[in-house]
Amino acid sequence: MTTDRRVLVADLAVKVVVLGLLALALAFPGWERFSDKAMTGRAVVYPLGLLLVPVAWALVRRRARRAVRFPALADLLVSLPWAVDLVGNALDLFDAVVWFDDAAHLVNWGLLAAGLALVLPRSLPTWVRVLLGAGCGCLAALVWEVGEYATFVRGGPEEATAYADTLGDMVLGTTGALLASLLVAALVARRPEVARGDRPLARS
């Protein structure tokens, strides 16, 4: 099996895990590991997250009017954070492992930023690739924290102490996005073939 096929299989497997866990959460809403976790909202948002790269690819392919290779690696990177979150809840890692929530914020936004950095044009200067990846990761982290506040924190017992936690999560998410963008930019600068996944979504 070629590397590209392995990446595509892994990508599809991650999507199946996400959709399967969402179906399980909706089927058993009373299960304590899924209760009070806004699973109905996640069941709407997470599938949309899984569609980000495929929809962008379809739009670019239609506009390009030519064969456009599907960026499977970028899609895998963008899909993984949704799986990490759901698996973490299903295994009770967010409550049972004290550092898991911080690690998830750092890694998940890093994965999202890396996926974005891969599909940017290879002709972009390295600093532009880094800033775009880090900036979009920071924006995504902010949107997540706003949603988390509206869903879990506002009006609840944690509202008085949520400020420090939110700032910490924002810093971790932005740091993860920045580190991932730096890594991808360095790889692209040294080995342009690493960015083969950028050709489908952007023309140099």
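The values are calculated or read from the model by the stated rules, or taken from the named source; none is laboratory data. Small disclaimer: the values here were computed from a predicted structure and weren't measured. We place every Cβ from the backbone using ideal geometry, glycine too, and count neighbours over all the protein chains shown.
Taking the conditions exactly as written (within 15 Å of the chain's Cα centre (by Cα) and among the charged types (D, E, K, R)), does ASP75 satisfy them or not?
Criteria met by ASP75.
I need the full set of residues from segment 51-64 which are basic (Lys, Arg) and in contact (Cβ under 8 Å) with a residue 24 or more places away in the chain, in order please.
ARG61 - this is the single residue of segment 51-64 that is basic (Lys, Arg) and in contact (Cβ under 8 Å) with a residue 24 or more places away in the chain.
List, please: which pairs have Cβ atoms under 6 Å, are six or more places apart or on different chains, and start with a residue in segment 128-146 that is more than 14 Å from GLY168 (Cα to Cα) and end with one that is among the charged types (D, E, K, R)?
As it stands, the answer is none, since no pair meets every condition given.
State which residue is nearest to the chain's Cα centre (by Cα) when the search covers only segment 79-134 and only residues that are among the β-branched types (Val, Ile, Thr) and closer than 22 Å to LEU24 by Cβ.
Of everything passing the filter in segment 79-134, VAL84 is nearest to the chain's Cα centre (by Cα).
So which of ALA43, ALA103 is assigned to a helix (DSSP H, G or I), closer than 23 Å to VAL171 by Cα, at pLDDT below 95 and not charged (D, E, K, R)?
Exactly one of ALA43, ALA103 is assigned to a helix (DSSP H, G or I), closer than 23 Å to VAL171 by Cα, at pLDDT below 95 and not charged (D, E, K, R), namely ALA103.
If PHE94 passes every condition in (1) in a helix (DSSP H, G or I); (2) over 23 Å from LEU172 (Cβ atoms) but one, which one does it miss?
(2) is the only condition that PHE94 fails.
Between residues in segment 32-50 that are without any contact (Cβ under 8 Å) to a residue 60 or more places away in the chain and residues that are assigned to a helix (DSSP H, G or I) and of a type outside the set (A, V, I, L, M, F, W, C), which pairs lie under 6 Å by C-beta distance while being six or more apart or on different chains?
ARG33/ASN89; LYS37/ASN89; LEU50/LYS15; LEU50/SER79
Can you find a residue that is part of a helix (DSSP H, G or I) and at pLDDT 90 or above anywhere in segment 60-71?
no
Here's the yes/no breakdown for (1) touching a Gly at 6+ places or on another chain (Cβ under 9 Å); (2) not polar (S, T, N, Q):
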{"site": "ASP85", "(1), (2)": "no, yes"}
{"site": "ASN89", "(1), (2)": "no, no"}
{"site": "PHE94", "(1), (2)": "yes, yes"}
{"site": "ALA103", "(1), (2)": "no, yes"}
{"site": "LEU106", "(1), (2)": "yes, yes"}
{"site": "LEU124", "(1), (2)": "no, yes"}
{"site": "ALA141", "(1), (2)": "yes, yes"}
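Write out, first by first residue and then by second, each pair whose Cβ atoms fall under 6 Å of each other, whose residues are 6+ apart or on separate chains, and whose first residue, in segment 79-108, is without any contact (Cβ under 8 Å) to a residue 40 or more places away in the chain while the second is among the acidic types (Asp, Glu) and surrounded by fewer than 21 Cβ atoms within 10 Å (Cβ to Cβ).
Matching pairs, first to second residue: PHE94/ASP101.
Could you list, in sequence order, the residues of segment 46-66 that are out of contact with any helix residue (DSSP H, G or I) (no Cβ under 8 Å at 6 or more places or on another chain) and surrounded by fewer than 16 Cβ atoms within 10 Å (Cβ to Cβ)?
Result: LEU48, LEU51, VAL55, ALA58, LEU59, ARG62, ARG63, ALA64, ARG65, ARG66.
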